[in-house]
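Take a look at the structure below.
The values are calculated or read from the model by the stated rules, or taken from the named source; none is laboratory data. Everything numeric here is computed off the predicted structure, so don't read it as measured data. Glycine also receives a Cβ, built like all others from the backbone with ideal geometry; neighbour counts cover every protein chain displayed. Heads up: the accessible areas ignore ligands, DNA and RNA and are worked out on the full protein's heavy atoms, side chains in. Shrake-Rupley method; radii C 1.70, N 1.55, O 1.52, S 1.80 Å.
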Amino acid sequence: QMQLKESGGGLVQPGGSLRLSCAASGSIFSIYTMNWYRQAPGKQREFVAVITSGDGTYYEDSVKGRFTISRDNAKNTVYLQMNSLKPADTADYYCNARWGKYAYWGQGTQVTVSS
């Protein structure tokens, strides 16, 4: 069983930056593929970015060049650096861990991009 806890959300102006963190506990973090998802009000949850156990990364098209996912296995933490934020990035952001048939979710952290 893995527990995930996101932090770092908040209110930011358009063009600003935030760094989200997701701290993991309870399992061997380094073997998991880690994902960030987001869910905007009234919309379905959508994929944002992924980082594999081998540090391979992939991004949803709308965040490419603006968001960077990274991980620190020594700290059992995955990060999402978000730059050049837009109002369309407003959502609850969720951390997800996957390994084989196992998948875990955090509780989410809210990001609001508004002037």
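Computed values, structure above
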| item | result |
| --- | --- |
| Options Thr90, Thr68, Thr33; residue that is without any contact (Cβ under 8 Å) to a residue 40 or more places away in the chain and of a type in the set (Ser, Thr, Tyr) | Thr68 |
| Hey, Gly15 in contact with a strand residue (DSSP E or B) (Cβ under 6 Å, 6 or more places away or on another chain) and modelled with pLDDT of 95 or more or not | no |
| Single condition Arg19 does not satisfy, out of (1) of a type outside the set (Ser, Thr, Tyr); (2) free of Cβ contacts under 8 Å to residues at least 40 places away in the same chain; (3) under 27 Å from Ser115 (Cβ atoms); (4) open to solvent by 60 Å² or more (accessible area, probe 1.4 Å) | (2) |
| Gln1 being polar (S, T, N, Q), assigned to a loop (DSSP other than H, G, I, E, B), modelled with pLDDT under 95 and open to solvent by 70 Å² or more (accessible area, probe 1.4 Å) | yes |
| For Gly100: the one exception among (1) modelled with pLDDT under 95; (2) open to solvent by less than 60 Å² (accessible area, probe 1.4 Å) | (2) |
| Sole exception among (1) in contact with a strand residue (DSSP E or B) (Cβ under 7 Å, 6 or more places away or on another chain); (2) of a type in the set (S, T, N, Q); (3) loosely packed, with under 13 Cβ neighbours inside 10 Å; (4) modelled with pLDDT of 95 or more for Ser25, by number | (4) |
| Candidate set from the range 43-90 (those that are assigned to a strand (DSSP E or B) and among the hydroxyl-bearing types (Ser, Thr, Tyr)); member that is surrounded by the most Cβ atoms within 10 Å (Cβ to Cβ) | Tyr79 |
